[in-house]
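Undergrad: Here you go, one structure.
The values are calculated or read from the model by the stated rules, or taken from the named source; none is laboratory data. These figures come from a predicted structure and were not determined experimentally. Ideal geometry is used to build each Cβ from the backbone, glycine not excepted, and the neighbour counts take in all protein chains shown.
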Amino acid sequence: MNKLTAANTYIQKHKETVRNRPLFHFTPEVGWMNDPNGFSFYQGEYHLFYQYNPYDIVWNDMHWGHATTNDFVNWHHKPVALANDKLYDANGCFSGSAIEKDGKLFLMYTGHIDPNMGFDKDESQIIEHQCLAFSEDGIQFEKYQKNPIIGEKELPEGYMMCDFRDPKVLEVDGVYFCVLAVRNAERRGEIIMFQSLNLFDWTFYSSIYQSKFDENMMLECPDLFRVDGKDVLIFSIMPCDPKFQGEVIHKTAYVIGKMDYEKGSFELEHQGLLDYGHNFYAPQSAEGKNGERIIIGWMQRWNQAAPPRDYGFNGMMSLPRVLTLKDNKLIQRPIREIDSYFGHRTIHKNATLKMNETIDFHGGKAAYLRVNASILEKQKFQLELNKSEDKATRIHVDIENAMISFTSDYGEFSQIDISECCNALQEEVALEVFMDLHSIEVFINSGEKVLSFTAYDQEKGTDISIRGLSQTRLKEIVYATFKPEG
Ligand code: FRU
């Protein structure tokens, strides 16, 4: 049996063992999942591929899993698209992207070779190079006979083949470009660009973004796209060298500016974080069916506690977010399709709370909560989510100091403080919270700042309270529970 058939046979045999899936977040059919790959709209539906090990709930032996959807809540699992079954991708089909050309769907991915498998690397033996596969129906993929298409020959001197991955392909005026993560000779992360006229033959174009030496960063999973007349580059940061593990926190950043395709340079104008939590990594964007830009991220990070083994899966995707620009910031809104899945809305207008008084909602395991508070009153209040007798996740809002803090008694967690959450120009602070069985996503001020949180504790409380920590007046509170039928 070949590797692809073996993976699909294994999945069919074991998928029924998976328990406790989230209600509205994508999870693999069984086993381990990390980065979203090949996110695209092709032949009338959204396709999401992902880094996948069907055989266990730990990272290993990367395949590309595959699912399709029309509304981002109901996903249809498809057969595994790629298995690491060639010499050039023997130790993993690593992250990459998709593009449609002449009616076919092309996948560009990294073939990973590491005879020692794993993170204790002997760099001299690791090879990462770029490969291509294509399909006429978006389901069955054929690997290109002349893979790899970007390898040692194409990578200029001064870059390391052992960390050269995650091609994100784009088309600009009939020319293909792809951005890639690489380490330079000083072992620091750069994002480089290659160019092609046909997707098969690629030449080095330029280095478009370089990290500073003392930042100790590798810039994984770069993505370059246009939003509202500007170019946006996103990347995920991890320590560039195991020596710096612990000093560099995994996070996902964006820079806004101008990509000059003539000169091959990116002029940076503004920068920010895509997510303030510890659980959003390797996001990838696609152009939606109406021309909008949608991103989806792996709602987890490396070295994080796993769900209990008997759940049978490890890894979720975030809610997809639609990107726009406002005041030089990237705004992220949850995809609109999710709205219809929240029924029975309870609305309070101009609710007043005394110190320690609460408004309570019950049954909030998978729920939506929105709170709008005027910034004129210097009030403090707290959202208490997944509340049990002695545990909760808390979002503390301090309008006077423009600070939102997030703490949780669940998961492995250190407090997150988000400053500058409001300013005098704004009328109100708005918080929108999406709670699922194992996650919370908070959108602050209509998506100016976002925070993702995951915790797989089995016994989470289901109550929600909004508590006044001063005399508080809330302009509007909306609460709704999740209804699976949409
Ligand atoms: C990011 C990443 C990618 C790589 C993949 C391997 O999470 O490290 O750079 O392609 O995961 O699974």
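Undergrad: Filter segment 219-243 down to the residues that are of a type in the set (A, V, I, L, M) and in contact with a Lys or Arg (Cβ under 6 Å, 6 or more places away or on another chain) and list them by number.
TA: The answer is VAL227, ILE237.
Undergrad: Within segment 210-269, considering only strands (runs of 3 or more DSSP E) that don't extend past its boundaries, which have at least 1 residues that are within 23 Å of ALA185 (Cβ to Cβ)?
TA: In segment 210-269, 217-227, 230-239 are the strands (runs of 3 or more DSSP E) which contain 1 or more residues that are within 23 Å of ALA185 (Cβ to Cβ).
Undergrad: Output the number of residues of segment 288-301 satisfying the condition of being within 16 Å of the ligand (Cβ to nearest atom) and loosely packed, with under 15 Cβ neighbours inside 10 Å.
TA: So the answer is 0.
Undergrad: Step by step: first the residues of segment 200-232, then only those that are under 13 Å from PRO167 (Cα atoms) and under 26 Å from the mean Cα position of the chain (by Cα), then the one that is farthest from the ligand (Cβ to nearest atom). Which residue is that?
TA: Filtering segment 200-232 for residues that are under 13 Å from PRO167 (Cα atoms) and under 26 Å from the mean Cα position of the chain (by Cα), the one farthest from the ligand (Cβ to nearest atom) comes out as LEU224.
Undergrad: Out of curiosity, is GLY277 in a loop (DSSP other than H, G, I, E, B) and surrounded by 15 or more Cβ atoms within 10 Å (Cβ to Cβ)?
TA: So GLY277 fits the description; yes.
Undergrad: Within segment 302-326, take every residue that is under 27 Å from GLY447 (Cα atoms), surrounded by fewer than 21 Cβ atoms within 10 Å (Cβ to Cβ) and among the polar types (S, T, N, Q) and give me the one that is nearest to the ligand (Cβ to nearest atom).
TA: GLN304
Undergrad: Related question: Here's a check for you: in segment 380-433, which residue that is polar (S, T, N, Q) and not in a loop (DSSP other than H, G, I, E, B) is surrounded by the fewest Cβ atoms within 10 Å (Cβ to Cβ)?
TA: Going through the qualifying residues, I end up with THR407.
Undergrad: Given the conditions (1) over 21 Å from GLY111 (Cβ atoms); (2) touching a residue at least 24 places away in the same chain (Cβ under 8 Å), and given that SER236 satisfies all but one, which numbered condition is not satisfied?
TA: Going through the list (1) over 21 Å from GLY111 (Cβ atoms); (2) touching a residue at least 24 places away in the same chain (Cβ under 8 Å), SER236 breaks only (1).
Undergrad: Is there a residue being at pLDDT 95 or above, farther than 23 Å from ILE375 by Cβ and in a helix (DSSP H, G or I) anywhere in segment 286-296?
TA: no
Undergrad: Also, quick follow-up: Looking only at segment 33-63, which residues are aromatic (Phe, Trp, Tyr), under 23 Å from LEU87 (Cα atoms) and assigned to a strand (DSSP E or B)?
TA: Once the filter is applied, which keeps residues that are aromatic (Phe, Trp, Tyr), under 23 Å from LEU87 (Cα atoms) and assigned to a strand (DSSP E or B), segment 33-63 yields PHE49, TYR50, TYR52.
Undergrad: What's the number of the condition ALA373 fails, among (1) among the aliphatic types (A, V, I, L, M); (2) closer than 30 Å to ILE234 by Cβ; (3) at pLDDT below 95; (4) in a strand (DSSP E or B)?
TA: (2)
Undergrad: Please enumerate the residues belonging to segment 193-222 that are among the β-branched types (Val, Ile, Thr) and under 20 Å from LEU107 (Cβ atoms).
TA: Result: no residue meets the conditions.
Undergrad: A follow-up question, please. Considering only residues that are more than 15 Å from ILE295 (Cα to Cα) and surrounded by 19 or more Cβ atoms within 10 Å (Cβ to Cβ), which ones fall in segment 35-58?
TA: TYR42, GLN51, TYR52, ASN53, PRO54, ILE57
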